Structure formats: structure tokens, C-alpha cells
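Chemist: One structure, as C-alpha cells, below. Some questions next.
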Amino acid sequence: MIGTIFDCDGTLVDSMGAWHEVDRTLAAEAGITLTEADAEAITTMSLPEASAYLHEQCGLGESNEAVLEMIFDRMRAFYANEVEARPGALAFVQALHERGVPMAVASSTPADMLATCVERCGFAPYMKTVVSVDDLQTSKREPAVYDHARSFLGTDRAHTWAFEDAAYALDTLRAAGYRTGAIYDNDISGTRDQLFERADFLIASWEDLDPDIFLAKAGA
């Protein structure tokens, strides 16, 4: 038996543009221009780390905590009213569920927003668990969030596949012994070349991945 863990933002749902834009929008409203180096640095950070960076390095907001709340306010509204699943994602998840594959979500998104997102986009009924790095006070630079999600699936690392759009998260998974599938979303999270180098396979869209072909490849 295999298990499957999905990242959420940029992988199951089309939301990374909103995350990248919220930093720039809040900064622009304060008269601050973020560089590409700033955006790249923030991509690998947890939200508290990113908020601290935006305040301490870029001068945004009155405090780290104030920046974090500014981001949360914008993104809670986005997840409640705007976020959509990536094309083919829900159909792929439903197909794996029909074939008896246990699944989970492991995300860097705060738990309340993550729950709203997974419910709104229709993934919730098919997941054994939905885990945020905030639940464990960690980040995806460490495998703890994947290990916790996997504990609900009944599989070991070698028989657990994880899908990600972020190159740094794929590095974590590969070092920990997980099997990996990459889905391209944007060059900030990972270029096609970066993802291809780190994953067992790379897709551009869920519509490109037949569930039966995936399961045959996975050895299920």
C-alpha cells in the first residue's frame, strides 16, 4: 500500500499568486518596493519568519506581529471567498480515494486558513488529516509536518508519495526518503528545471497525470 501527502498552496489550489502579491501589496501601500531577492527569501520562510523579515529588513509595519496580522486579514478573506482548486486536482484526489489510497494534506498555511481552503475547494472529505506547520511549530525545511501527516496513513516513508510545488520542500522530502512528485506553479517556488532535478517526476497540471498510471509507477 502507498500513501499520498499533498501540499496545498500552489499544489492543490491556485493561491501562490495571492501569497506573493499580498507581500508586495502591503509593502507598496507603505511605500516600500520588494526586490526579487526579498521574494525568494520569503518563499522558504514560515509566516512568522516572513513577517519578521518584512518588518526588520524591509521596514513594513510597526512590529513583526502587526505585519503578521495584516497578512492574515488579507489572506483569510481570499481563502473564504476566492481560492479555487487547480484544474484536475479534485478529480485526481477523488480517483485516488476511489482506489483506496489514504491521503493527507501537509501545508505551511496557518491552520484556520488551511481548513477553510480545503473545505471550500472540496478536498476535505478525502483526507485522513490536514496538518499545518503551525500545528507543530516547525517549517518545511524539516520533515516533521510530513511525518505527522504520514502517521495517519499507515505507511512508511519509502511507500509515501508527497506532491509539492516548492523546490526547497522537495529537498526536505528527498533527504528524508519520501517519494516525490512535483507540479510546476511559478518560478519563485521552483523553476521547471529545479523541480525536475528534485522529484521522481514533474507535471505541469493535474490533468496531465492519469491516476492509474501514477499508481502503476508508484508500485501500488
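FYI, it's all coordinate maths here, none of it is from the lab. Keep in mind that what you see is a predicted model, and the values were worked out from it rather than measured. Cβ sites come from the backbone with ideal geometry, for glycine too, and all protein chains shown count toward neighbours.
Chemist: Could you tell me the distance between the Cα centroids of the stretch 18-58 and the stretch 162-216, to the nearest Å?
Modeler: Here the two parts' Cα centres lie 25 Å apart.
Chemist: Shifting gears a bit: Run the simple label-point estimate for Ser151 and Ala91 please: 7 Å along Cα→C-beta, distance reported in nm.
Modeler: Between Ser151 and Ala91, the label points sit 3.7 nm apart.
Chemist: So what are the stretch 16-81's ellipsoid semi-axes, whole angstrom, largest first, if each one is the square root of 5 times an eigenvalue of the alpha-carbon gyration tensor? Intermediate results must be reported in sequence, preceding the final value.
Modeler: Working: eigenvalues 55, 35, 27 Å².
Equivalent ellipsoid of the stretch 16-81: 17, 13, 12 Å, largest first.
Chemist: State to the nearest 20 debye the size of the charge dipole of the chain about its Cα centre, where the only charges are +1 on K and R beta carbons and -1 on D and E beta carbons. Walk me through the intermediate numbers first.
Modeler: Values: 16 positive and 37 negative charges, 179 e Å.
Charge dipole of the chain: 860 debye, to the nearest 20.
Chemist: Using packing as a proxy for protection, rank 50-56, 121-127, 24-30 so that the peptide with the highest average count of other Cβ atoms within 10 Å comes first. Numbers along the way, then the final one.
Modeler: Working: 50-56: 19.7, 121-127: 17.4, 24-30: 14.7.
So the peptides 50-56, 121-127, 24-30, ranked by packing, come out 50-56, 121-127, 24-30.
Chemist: Here's something else I'd like to know. Would you mind calculating the relative contact order of the chain from Cα pairs under 8 angstrom and at least 6 residues apart, reporting the percent as a whole number? Walk me through the intermediate numbers first.
Modeler: Working: 368 pairs, mean separation 54.3, N = 220.
RCO, the chain: 25 percent.
Chemist: Right, another one. Could you state the orientation-averaged shadow area of the convex hull built on the Cα atoms of the stretch 17-148, in nm² to one decimal?
Modeler: Approximately 8.5 nm², given one-decimal rounding.
Chemist: Excluding Ala182 itself, calculate the net charge of residues whose Cβ lies under 15 Å from the Cβ of Ala182, where each Lys or Arg counts +1 and each Asp or Glu counts -1. It would help to have the intermediate numbers written out before the result.
Modeler: Values: positive: Arg86, Lys140, Arg174, Arg179, Arg192, Arg198, Lys217; negative: Asp7, Asp9, Glu164, Asp165, Asp171, Asp185, Asp187, Asp193, Glu197, Asp200, Asp208.
The answer is -4.
Chemist: Cα atoms only: what Rg and Dmax, in Å, come out for the chain?
Modeler: 17.0, 53
Chemist: Quickly work out the Glu84-to-Phe72 label distance, labels modelled 7 Å from Cα along the C-beta direction, and quote it in nm with one decimal.
Modeler: 2.9
Chemist: When DSSP assigns beta bridges and you keep just the ones with both residues in the chain, what percent turn out antiparallel, to the nearest 5? Could you put the intermediate results ahead of the total?
Modeler: Details: 1 of 20 bridges.
Here the antiparallel bridges make up roughly 5 percent for the chain.
Chemist: Still on this structure: Taking a spot 7 Å from the Cα of Arg24 along the direction of its beta carbon, which residues of the stretch 33-64 have an amide N less than 16 Å from it?
Modeler: 33-43
Chemist: Peptides 204-215, 67-78, 154-165: what's the order by average Cβ count within 10 Å, highest mean first? Mind showing how you got there, number by number?
Modeler: On the way: 204-215: 14.7, 67-78: 17.2, 154-165: 20.1.
Peptide ranking by packing, descending: 154-165, 67-78, 204-215.
Chemist: Continuing with this model, one more query. Could you tally the net charge around Leu136, taking each other residue with its Cβ under 14 Å from the Cβ of Leu136, Lys/Arg +1 and Asp/Glu -1?
Modeler: -1
Chemist: Between Gln137 and Ala124, what is the spin-label point distance in nm, taking each point 7 Å from the Cα along the Cα→C-beta axis?
Modeler: Roughly 2.8 nm, to one decimal.
Chemist: Continuing with the same structure: Can you figure out the FRET efficiency of Glu56 with Asp212, using R₀ = 45 Å and their beta-carbon distance, to the nearest 0.05?
Modeler: Numbers: r = 50 Å, r/R0 = 1.11.
The computed FRET efficiency comes out at 0.35.
Chemist: Related question: Given Cβ point charges of +1 (Lys, Arg) and -1 (Asp, Glu) and nothing else, what value in debye, to the nearest 20, does the dipole of the stretch 1-98 about its Cα centre take? Walk me through the numbers on the way to the answer.
Modeler: On the way: 4 positive and 18 negative charges, 50 e Å.
Result for the stretch 1-98 is approximately 240 debye, rounded to the nearest 20.
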